[in-house]
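Data first, discussion second: the structure below is written as C-alpha cells.
Only the coordinates and a few stated rules stand behind these numbers; no lab work does. This one's a predicted model, so the numbers in the text were calculated from it and none came from an experiment. Glycine gets a Cβ as well: all are built from the backbone with ideal geometry, and neighbour counts include every protein chain shown.
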Ligand code: ADP
Ligand code: MG
C-alpha cells in the first residue's frame with residue numbers, strides 16, 4: 001500500500017526556488033548525498049556505542065552505482081536509516097523556518113557563487129536539480145519495517161512499505177534528460193563521478209566505492225602480459241583517499257589544499273582569512289586546525305547558530321560542534337581538534353568538565369589571539385578586514401563576564417577616530433597623544449561628521465586631541481568595562497566635566513556663575529522637567545549651547561537601551577551648558593534684565609536647539625516652531 005503526502009507549504013516554495021533559480025552549480029548534489037550517507041553512518045556508529053541493541057561494527061561503506069540504460073545513479077550507505085516518522089519529518093519538511101526568506105534575499109543578489117545548500121539543511125533536495133524523480137529506500141534498526149519514499153520534487157511524495165532486510169539507505173536518482181545548455185549525461189560517466197568524489201568528498205571518513213571498468217593487459221600462462229591484448233575488467237574501487245588532512249604533516253599540506261578543505265567542510269564559498277594549524281605534543285597531545293572565515297557566517301547572530309569545533313578522539317569522529325572548545329566571542333571560528341588523549345565515549349555532560357578539553361580550549365584561545373596579534377602587526381589590511389567582519393565579537397569579548405578578558409583583548413580592538421583616516425588601536429592613540437593630554441576622549445555617533453559638528457568638539461579641536469568614534473551599540477558598554485587604558489581614563493565628549501581648563505579659567509567660570517546666578521536659576525526652573533542642571537560651559541568656543549550627560553548613563557546608552565525589550569525608563573541625566581562668550585548669552589542676559597517674562601521662550605528654544613545638535617528629537621516641534629516665529633516677529637519690530 002502506498003500513501004500520498006504533501007510537502008509542507010513553505011517546503012514547496014523553497015523546493016521550487018532551489019531547483020529552478022538559486023543554485024547553478026548542479027554537481028554538488030553528489031557531495032550532499034554522500035555527506036548525508038556519511039552523517040548517517042556517524043549516527044549509527046555513535047548510537048551503537050551506547051545502545052546495547054545495536055550491533056557493533058566497523059564495516060561502514062558508501063556505494064555509488066550508475067546504470068546508463070535506466071539513467072540512474074544510486075548512493076547507498078549502511079548507516080542509521082530512517083523510520084516512517086523520520087521520513088516524514090526529515091524528507092517531508094524542507095529546511096528550518098526562516099530559510100525561505102533568506103534564500104529569497106540571496107536570489108536577488110548574485111547567487112551564482114554562493115554555496116549555501118549545505119548550510120541550510122536542504123542538501124537532500126539538491127538531488128532534484130539533476131533528477132526527474134528520487135527514490136529513497138531505507139531501513140532503520142529501530143523499525144521492523146523498511147520504506148520506499150518517492151517524489152518528483154513537486155507537490156507531494158509517497159511512502160510505501162518495502163522489503164529491505166539490511167540497515168541503511170539507498171537513494172536512487174532518475175537523471176533528467178540533457179537540455180539546451182544543461183548536460184546531465186555526464187553524471188552517468190564513472191570518471192565524472194569519481195572526479196567529483198575527489199573534488200568534494202575526498203576526506204569523507206568512510207570508503208566511497210564504485211564499480212569501475214579498467215583496461216588490463218591479458219596475461220599468458222606464465223603470468224606475463226601479452227602484447228596488444230587487453231581485456232576490460234570491472235572492479236570495485238575506493239574513490240576517496242579518506243586520509244584526513246590532519247593526518248598529514250603540516251609541511252605536506254599546501255595552502256590551497258587547506259582552503260579547499262575549509263570550503264568543502266564548512267560550506268563556505270570564500271577562502272578563510274586565517275588558517276591556524278597547531279601540533280602540540282607533551283603532557284597533552286592534540287592537533288588543531290582552526291579557520292577564521294573571510295566573511296561572517298550568514299546566521300552568526302541568529303539564535304540557531306551553534307559555535308564549536310569538530311572533535312576527533314583517537315582518529316574517530318566524536319562530535320560536530322564541540323562548543324566547549326571555543327569561547328563565545330570567538331564563536332565565528334571553524335575547524336577541528338584531534339586528540340588521542342580523549343576517550344571515545346565522552347558524553348556531552350562529561351565533556352563540560354573534561355580537564356583535557358578545558359586545557360585544549362585555553363591553549364587554542366591563546367593561540368588564536370596571538371595569531372591575530374601577529375596579523376595586526378604584519379598585515380594591517382588583512383587585520384582590518386578581519387575586524388570589519390568580527391570586530392563586534394571581539395568587543396563583546398571585552399564586555400562579556402565583567403571584563404574578565406579585557407587585558408587579553410584590548411590591544412586587538414580598532415577604533416575609527418576624528419583625526420585618523422584608518423582605524424587605530426588604543427596603543428596607537430595613546431602614543432600619538434599631545435604631551436598635555438591625559439584622558440582618552442570618545443564620542444558616540446554613527447559618523448565622523450556627526451562628532452565634528454558636536455559643540456563639545458570646539459575645545460578638543462583647538463587642542464588637537466583626537467577622539468575615538470564609537471558607532472556600534474556595544475562600544476560604550478565595552479568602554480565602561482575597560483574603564484581605563486594604560487592609566488588613561490576614558491572620557492565621553494558628551495559627559496560631565498572634561499577637565500580641560502586651568503585654575504584661572506575655572507575661577508572665571510565660577511565668577512560668571514555667581515554673577516548670573518539668577519538667570520541660570522530661572523532657566524533651570526523653566527526647564528525643570530527636562531534638565532538636571534544649567535551651567536556655564538567651560539568647553540564651548542563657537543556654539544551657543546550644548547547638552548551633556550551627567551554621571552552614569554550616556555545619551556547613546558539611553559538610545560541603545562530604549563531599543564531593547566524591558567525597562568525603558570532608564571534615562572541619561574541632561575545638563576544644559578551655555579557658552580558665556582557667545583553673543584546669544586549676552587542677548588539673553590539683556591532680555592532677562594529688561595523683559596524677564598520672555599525668558600521662558602528663550603530657555604525652551606535653547607534647550608530644543610541643544611537637543612537637535614545632539615541628534616535627539618524635540619519633544620514638541622510645533623511649540624518649538626511657534627516660539628521661533630514669535631521671536632522673529634519680535635526681532636523685526
Ligand atoms: P542535513 O543533512 O543538513 O540535515 P539534508 O536535507 O541533507 O539536511 O537531509 C535532511 C535529513 O534527512 C537529514 O538530517 C537526515 O535526518 C535525513 N537523511 C538524509 N539522508 C539520509 C541518509 N542517507 N540516511 C539517514 N538519514 C538521512
Ligand atoms: Mg545533508
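Some notes on this structure:
- In degrees, nearest ten, helix 583-594 long axis to first principal axis of the chain (Cα): 50
- Two-site label geometry, residue 192 and residue 160: point separation in nm, points 7 Å out along Cα→Cβ: 3.0
- Approximate spin-label separation residue 69-residue 589, in nm, with each point projected 7 Å along Cα-to-Cβ: 10.8
- Mean separation of Cα pairs under 8 Å and 6 or more residues apart, divided by the residue count, gives the chain a relative contact order of 8 percent.
- Full-stretch length increase - residue 625, residue 49 - with 0.36 nm per residue and alpha-carbon distance subtracted: 199.7 nm
- Axis of helix 503-515 versus longest Cα principal axis of the chain: the two differ by about 60°, to the nearest ten degrees.
- Ranked list, fewest to most other Cβ atoms within 10 Å of each Cβ, for 332, 555: 332, 555
- Its DSSP H runs of at least 4 residues, each contributing -39,500 (n - 2.57), put the calculated 222 nm mean residue ellipticity of the chain at -11000 deg cm²/dmol, to the nearest 500.
- Volume of the Cα convex hull of region 319-447, divided per residue and given in Å³: 145
- Cα centroid of region 603-623 to Cα centroid of region 413-484, whole Å: 26
- √(5λ) per eigenvalue of the Cα gyration tensor, region 514-569, largest first, Å: 28, 15, 8
- Listed peptides 25-33, 184-192 appear in the order 25-33, 184-192 once ranked by packing, highest mean of other Cβ atoms within 10 Å at the front.
- Gained length - residue 281 relative to residue 214, 0.36 nm times residue gap less alpha-carbon distance: 19.7 nm
- Alpha-carbon centroid distance for the pair region 198-225 / region 365-388, whole angstrom: 46
- In the chain, the DSSP beta bridges split such that about 80 percent are antiparallel, to the nearest 5.
- Available extension along the chain between residue 551 and residue 513 is 11.6 nm, counting 0.36 nm per residue and deducting the alpha carbon span.
- Counting only the Cα atoms, region 415-492 fills a convex hull of 84 Å³ per residue.
- Along its principal axes, region 399-532 has C-alpha extents of 52, 34, 28 angstrom, given from the largest down.
- Using the average count of surrounding beta-carbon atoms within 10 Å as a protection proxy, the listed peptides 208-216, 502-510 rank, highest first, as 208-216, 502-510.
- Normalised by 2.2 N^0.38 Å, where N counts its residues, the alpha-carbon radius of gyration of region 237-340 equals 1.09.
- Spin-label zone in region 206-221 - amide nitrogen under 16 Å from a point set 7 Å from the Cα of residue 58 along the C-beta vector: 206-207
- Put in order of Cβ neighbour count within 10 Å, fewest first, the listed residues 203, 442 become 203, 442.
- Gyration tensor (alpha-carbon) shape descriptor, region 503-636, a/c threshold 1.5: oblate
- Inverse of mean 1/r across different Cα pairs in the chain, Kirkwood, Å: 30.1
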